[in-house]
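Bear in mind that the values in this text are calculations on the coordinates, not laboratory data. In this text the structure is predicted, and so the values were computed from the model without any measurement. Don't worry about glycine lacking a Cβ; one is built from the backbone with ideal geometry, like all the others, and counts go over all protein chains shown.
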């Protein structure tokens, strides 16, 4: 079965565990709902955070949602000058026969500036 990549990003208001986990949970719920992705079809999830977020691992939000068997990985973004602050990104690898173009990428809060072509 093919593996498809589904991208998403969001921002959070502050560097606190509560804000990071809340923003990540909202993003994961929206990504899976819009794309009709069942947890058992997620092969892996890769999270990244900008350098100004270090209060929690976004993967903890996935575990709280019941993603117990999904391999999760968290990493740090490259600190490029002028990049979007307090940003959380995710790449879901999904087992699916659907073509790649049938998946919707999701950018919430201020993260829409990363992909203005997808706004709305």
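When the helices of the chain are scored as -39500 (n - 2.57) per DSSP H run of n ≥ 4 and the total is divided over every residue, the value at 222 nm lands at -6000 deg cm²/dmol. For the chain, a Gaussian network of Cα nodes joined below 10 Å ranks 56, 17, 38 by mean-square fluctuation, and the top entry is 38.
The label point for residue 13 and the one for residue 110, both projected 7 Å from the Cα toward the Cβ, are 1.3 nm apart. Taking the chain as a Gaussian network of alpha-carbon nodes connected by springs under 10 Å, the highest mean-square fluctuation of the residues 106, 78, 39 belongs to 78.
Out of all DSSP beta bridges in the chain, what portion is antiparallel? Express it as a percent rounded to 5.
Roughly 70 percent of the beta bridges in the chain run antiparallel, per DSSP.
Between region 86-117 and region 31-47, the alpha-carbon centres lie 11 Å apart. Residues 72, 92, ranked from the fewest to the most other C-beta atoms within 10 Å, line up as 72, 92. Highest mean packing first, where packing is the average number of other Cβ atoms within 10 Å per residue, the peptides 79-89, 18-28 line up as 18-28, 79-89.
Built from the Cα atoms of the chain, the convex hull projects on average onto 7.1 nm², one quarter of its surface area.
DSSP finds beta bridges in region 24-93, and of those with both partners inside it, around 55 percent are antiparallel.
For the chain, the longest principal axis of the C-alpha atoms and the axis of helix 17-34 are separated by about 30°.
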